[in-house]
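Peer 1: Below you will find the structure I want to go over with you.
The values are calculated or read from the model by the stated rules, or taken from the named source; none is laboratory data. All values reported here derive from a predicted model rather than from experimental measurement. Please note: Cβ atoms are built from the backbone with ideal geometry, for glycine as well, and neighbour counts cover all protein chains shown. Heads up: the accessible areas ignore ligands, DNA and RNA and are worked out on the full protein's heavy atoms, side chains in. Shrake-Rupley method; radii C 1.70, N 1.55, O 1.52, S 1.80 Å.
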Amino acid sequence: MATRSLLEDNKQVQRAIALIGMGARLQLLQSETNLPYERLLKLYKEVAGKSPSKGQLPFSTDWFLSWQPNIHASLFFNMYEYLQKASALDEVEALMKAYELYQAEVQTNAVEPLLSITRAWRLVKFIDSGMLCLTKCTRCKGQFVNHAYELTERYVCGLCDPPARAGKGRREGSIH
Amino acid sequence: MLTEDRLMSEIRDANLSYLILAQRLIRADRAQALYRLGISEEVASIIEALTPSQMIKVASGNTLMCRFRFDEEMIWSLLADHGRRGEREDGNASRLHASILMAGKFSEAV
């Protein structure tokens, strides 16, 4: 601790506070800040006003492939990729900024942000590690989250060709 | 030509409003501004540093400083909600579809 720069330490704390405010799980904070577990736990309780939820992170890549989540995930990741290319932000900053842009975009369309910050972070990791990728839709030419190694020559996205029951639910805040 | 004059002065007004908005966006949140404006870091730095008198000078040409960012029919028709059969009037899927395509366009542009 004594050797660490105070400025850097402060930056890490600010980052952790912002992430907790966005609803991040403790595992995300542990991975993306270099603060010790005890401090993160204390910080979490102070900022969120409750203990962090226990249990495993959602780790399945399948979640990102079902109809509604795929639209959310694809929107977020296109924004993330843009910021990665256009700005000098580091990975976590880009994650946070892209998440803000994503939230603003879905809320403008009266859609609930189905993708949590933790899911968004998992998505970035899954794509980094090659478990998921972006595939170009052959009709609209948009980039959509897809399993890696899937056949892509005839890929059509869920918005150009929605599944039969998609969007029929009239639940508030859903895509229809 | 009176109409011509009026149109030219409307271009200058639009230029100035655009520059002022761009500068405010950049100063408020640089990363978000890059996305919303679709500009590079370099251009953002230049616009951010413009003084009011410089802005008036820049805006005072007869050429519009901003232009349409998408030349794809697909995006326009999704935004205008055209050509989608069976879509309910209050459906938001085509808006989100357009958002995904636009976000993807930005990353191609830079």
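Peer 1: Give the residue that is nearest to residue A:133 (Cα to Cα), with candidates limited to residues of the range A:106-122 that are more than 8 Å from the chain's Cα centre (by Cα) and surrounded by fewer than 22 Cβ atoms within 10 Å (Cβ to Cβ).
Peer 2: Applying the first criterion (more than 8 Å from the chain's Cα centre (by Cα)) to the range A:106-122 yields A:106-114.
Within this subset, residues satisfying the condition of being surrounded by fewer than 22 Cβ atoms within 10 Å (Cβ to Cβ) are A:107-110, A:112-114.
Details: A:107: 26, A:108: 27, A:109: 26, A:110: 28, A:112: 24, A:113: 21, A:114: 20 Å.
Restricting to residues being more than 8 Å from the chain's Cα centre (by Cα) and surrounded by fewer than 22 Cβ atoms within 10 Å (Cβ to Cβ), the top hit is A:114.
Peer 1: Show me the helices (runs of 4 or more DSSP H) entirely contained within the range B:8-69 in which 2 or more residues are away from every other protein chain (no Cβ under 14 Å). Walk me through it before giving the result.
Peer 2: Working: elements: B:30-37, B:41-49, B:52-59.
Here the list reads B:41-49, B:52-59.
Peer 1: Here's something else I'd like to know. Exactly one of (1) at pLDDT below 90; (2) under 30 Å from residue B:7 (Cα atoms); (3) of a type in the set (D, E, K, R) is unmet by residue B:57. Its number?
Peer 2: Failed condition: (1).
Peer 1: Something else now. Of everything in the range A:123-159, what is in contact with a helix residue (DSSP H, G or I) (Cβ under 7 Å, 6 or more places away or on another chain), open to solvent by less than 20 Å² (accessible area, probe 1.4 Å) and hydrophobic (A, V, I, L, M, F, W, C)? Give them in sequence order.
Peer 2: Of everything in the range A:123-159, those that are in contact with a helix residue (DSSP H, G or I) (Cβ under 7 Å, 6 or more places away or on another chain), open to solvent by less than 20 Å² (accessible area, probe 1.4 Å) and hydrophobic (A, V, I, L, M, F, W, C) turn out to be A:123, A:124, A:132, A:140, A:144, A:145, A:159.
Peer 1: Could you please find all residues in the range A:102-122 being of a type in the set (S, T, N, Q) and out of contact with any helix residue (DSSP H, G or I) (no Cβ under 6 Å at 6 or more places or on another chain)? Explain how you work it out, then say what you get.
Peer 2: Initially, the range A:102-122 is screened for residues of a type in the set (S, T, N, Q), giving A:103, A:107-109, A:116, A:118.
Passing the criteria: A:103, A:107, A:108, A:116.
Peer 1: A further question on this structure: Select from the range B:24-69 the residues that are of a type in the set (Phe, Trp, Tyr) and either open to solvent by 30 Å² or more (accessible area, probe 1.4 Å) or touching a Lys or Arg at 6+ places or on another chain (Cβ under 6 Å) (or both) and list them in ascending order. Please lay out each step first, then the result.
Peer 2: Quick first cut of the range B:24-69, residues of a type in the set (Phe, Trp, Tyr) only: B:35, B:68.
Hit for the range B:24-69 is B:68, nothing else.
Peer 1: May I ask you to verify whether residue A:98 is touching a residue at least 12 places away in the same chain (Cβ under 8 Å) and farther than 14 Å from residue A:18 by Cα? Before you say what the answer is, go through the steps one by one.
Peer 2: Details: touching a residue at least 12 places away in the same chain (Cβ under 8 Å): yes; farther than 14 Å from residue A:18 by Cα: no.
No; evaluated as a whole, the condition is false for this residue.
Peer 1: Further, regarding this structure: Can you go through A:105, A:153, A:172 and tell me which one is assigned to a loop (DSSP other than H, G, I, E, B), of a type outside the set (S, T, N, Q) and within 13 Å of another protein chain (Cβ to nearest Cβ)?
Peer 2: Working: A:105 fails: assigned to a loop (DSSP other than H, G, I, E, B); A:153 fails: within 13 Å of another protein chain (Cβ to nearest Cβ).
Unique residue meeting the criteria: A:172.
Peer 1: Give me the pairs, please: first residue somewhere in the range B:28-48 and more than 13 Å from residue A:94 (Cβ to Cβ) and among the charged types (D, E, K, R), second residue anywhere and loosely packed, with under 14 Cβ neighbours inside 10 Å and at pLDDT 95 or above, beta-carbon distance under 7 Å, and either six or more positions apart or on two chains.
Peer 2: Going by the 7 Å Cβ cut-off, the qualifying pairs are B:48/B:27.
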